Amino acid sequence: MDRHILLAPFRLLPRGSVGVLVAITLAAIVVLAVLSALHLADPLYIDPLNRMKPPSAEALFGTDQLGRDIFSRCIYGARVSLFVAVTTTLVTCVVGGSIGLLAGYSPLFDLFGMRFMDALMTMPTILLAIALSSIMGAGFFVVIFAIAVAELPGVSRIVRSAVFAIAAQPYVEAARLNGRPHWQILVVHILPNVLPVILVHATFLFAHVIMAEAALSFLGAGVPPSIPSWGNMIAIGKDVFVVAPWTIVFPGAFVAVTVYVINAVGDHLRERLDPTLSGAFREEAAGMEAQA
């Protein structure tokens, strides 16, 4: 296999000290999520004698009202949040991307499909999740379904706009004139050029899903309270925040850091995959402006 193909993924990694820090932080979060599956510490273990203990050598992040170790619960929460974020992002990008692909290529599908997407845009994520949880009960798939439905219009509109631009290219028109079937034009000529747009949007969607899941769990419409998640931990810790601020600070920090590093990766991918945003292009544009 060509070495350039093997090295292609590494060229997408961030460069510089900030990029290295972002990559290490993201890798650490993923490792913590994997370690939680090994059950090295029980996030549900209750120790009434050590209630609301501050951070120490025995409990790195302290304990909550029931004496549960916050560090082990934060690690387990990483597993929960990443599972919800990955699943929701995949479902949303596949379904929303397919709708946008067809809407941008077929005027008839665009007329009816995008009107349906416009109707979905009127449904706020939180209100939809609360309504679904009251009917079906709180759970993983209720959260995934509610967030995915609310995010479908955004993904489909972005892909639709990209398809409009690509479908007007000469090579696509040549494929039509040569009698290529529509499915072949979509899969061979249009989809590969749309994938970078979907990839960049997926990173920002991933970060947004983590925030949405934490917000829904905080409101009691997300992951069941019996399952440790960052949102549930913040909801439980709000009652004792004055006397035990670490019950909120640490899970909140996990949410903030994870969202930041994912957004940083998304910004980097956007600059690498979109030549109009690259540093060389900006420098060239600035030089042309200076000469003018």
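Each value in this text was obtained by applying a stated rule to the coordinates, not by laboratory testing. In this text, all values refer to a predicted model and were calculated from it rather than measured experimentally. Cβ placement follows ideal geometry from the backbone for every residue including glycine, while neighbour counts extend to all protein chains displayed.
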Practice item. Provide the gained length on full extension for the span residue 25 to residue 49, in nm with one decimal, where the gain is 0.36 nm per separating residue minus the Cα-Cα distance. Key: 5.2 nm
Review point. What is the order of 238, 53, fewest Cβ neighbours within 10 Å to most?
Key: 238, 53
Point to revise | Cα→Cβ-extended label distance, 7 Å offset, between residue 180 and residue 127, nm | key: 4.4 nm
Check your understanding: Measuring from a point 7 Å past the Cα of residue 118 along Cα-to-C-beta, which residues in the range 132-176 have an amide N at less than 15 Å?
Key -> 153-154, 157
Review point. Between 87, 113, 255, whose Cα lies farthest towards the positive end of the dipole of the range 59-275 when Lys and Arg beta carbons carry +1 and Asp and Glu beta carbons carry -1, centred on the Cα centre?
Key: 113
**Study point:** Computed label-point distance, nm, for sites residue 42 and residue 173 using a 7 Å Cα→Cβ extension
**Key:** 7.0 nm
**Study point:** Cα-based Rg / Dmax (Å) for the range 59-275
**Key:** 20.7, 73
